[in-house]
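Student: Please read through the structure below; I'll follow up with questions.
The values are calculated or read from the model by the stated rules, or taken from the named source; none is laboratory data. Bear in mind the structure is a predicted one, so any value in this text is a computation, not a measurement. Every residue, glycine among them, receives a Cβ derived from its backbone with ideal geometry; neighbour counts consider all protein chains shown.
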Amino acid sequence: MKTWEYIVRRLLLLIPVLIGVTIITFTVSHVIPADPARAFAGGPKAQPETIARIRAELHLDKPLWEQYFYYMNDLIHLNLGKSFLENRTVTTALAQYFLATFELTIFATIIAIPFGIIGGIISAIRQNKLSDHITRIIAIVGYSLPIFWLALMLQYVFAYQFPIFPLEGRLSVGMTSPTTFTGFYILDSIFSGNGAALISSLHHLLLPAFTLGFAELAIILRMMRSSMLEVMGSDYIRTARAKGLSERTVIYKHALRNAMIPTITVAGLSFGGLLSGAVLTETIFNWPGMGRFAAHAVLGLDFNAVMGFTLVVAIIYVIANLIVDILYAVVDPRVKLGGG
């Protein structure tokens, strides 16, 4: 099967997935014992006329199946509705917040994947030695620590006790955002020649990126180590050594390629998870990304925002799995897309 045919087939599978996601999300969000119309109208002191108007505007006065029909009709026309908390369309809000989350995810991935893979290789080839013990301790700590606790402790140490890094946000207070070219502050600062914004955005990015990346690094490191140990105990590795091949060739040409398959799976899903918005990390660091947007939408009963966020997350995971499948064939030519 050709690569483009496989991609088209996998993308077509996105349709039933999204339909299932809309049904589940819509049902759950509309059966909870809360009244979003009252919340949008001002809470307990809201006027009944205002509540009725908002309920009619959101079609909350209709049966549940009819509300879902209105929602799907808007979705077919690429309309995710209006976010009452943001006072703008959900599409506009997600487009802005996605770019902030994507920038954070890229830097977290730069920390997690290279160091996780390298650490796993070192730990496997130097099994039961000092370097192996150190990497295993790092993996256990990163895997065990709650991410919100790590974020708070990093803030306490590096923002309060030793004010090396800023506490929150993407830029320093009073600093103007760089001229928008891509929506990523790092690239926009470079393209516009704004050195002050570049330094500030990097400074604000490091702490939340390390928080996210450290947790994912631990998972990738453990997977890489276990995969390498399993592969290095295989018969073909012993045969390669018996032929007199150098240890470097055995490890990097024969063992690593096969050990990378499960690691790619974990890394791809981790990237999809990070890109869908790290709710706790973005909330703690006041990072204006999709995770914080989703948290505020849930607390504010903003149905349109919650369902729009959920759809974007579903799409991200499908695309992440598609990229992982393609990478299988790139890393190991024996893997055929679609099983052909």
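Student: Somewhere in region 63-74, is a residue of a type outside the set (D, E), touching a His at 6+ places or on another chain (Cβ under 7 Å) and buried (at least 16 other Cβ atoms within 10 Å of the Cβ)?
Tutor: Yes, the conditions are met somewhere in region 63-74.
Student: Another one. Surrounded by fewer than 17 Cβ atoms within 10 Å (Cβ to Cβ) and closer than 30 Å to L274 by Cα, is that true of L78?
Tutor: In short, yes.
Student: Give the residue, chosen from T239, T283, that is surrounded by fewer than 21 Cβ atoms within 10 Å (Cβ to Cβ), closer than 30 Å to G42 by Cα and free of Cβ contacts under 8 Å to residues at least 24 places away in the same chain.
Tutor: It is T283.
Student: Would you point out the residue of region 61-77, among those that are more than 32 Å from the chain's Cα centre (by Cα) and outside any helix (DSSP H, G or I), that is nearest to I23 (Cα to Cα)?
Tutor: P63
Student: Quick check on I186: is it modelled with pLDDT under 90, under 24 Å from the mean Cα position of the chain (by Cα) and in a helix (DSSP H, G or I)?
Tutor: no
Student: Just to be sure, is V306 under 16 Å from F98 (Cβ atoms) and under 13 Å from the mean Cα position of the chain (by Cα)?
Tutor: no
Student: Please specify each residue of region 20-78 satisfying the condition of being touching a Pro at 6+ places or on another chain (Cβ under 8 Å) and under 21 Å from L311 (Cβ atoms).
Tutor: L58, L60
Student: Would you mention how many residues in region 239-261 are of a type outside the set (A, V, I, L, M, F, W, C) and under 16 Å from G119 (Cβ atoms)?
Tutor: Residues meeting the conditions: 1.
Student: Restricting to region 178-208, what's the tally of residues that are surrounded by 14 or more Cβ atoms within 10 Å (Cβ to Cβ) and free of Cβ contacts under 8 Å to residues at least 40 places away in the same chain?
Tutor: 15
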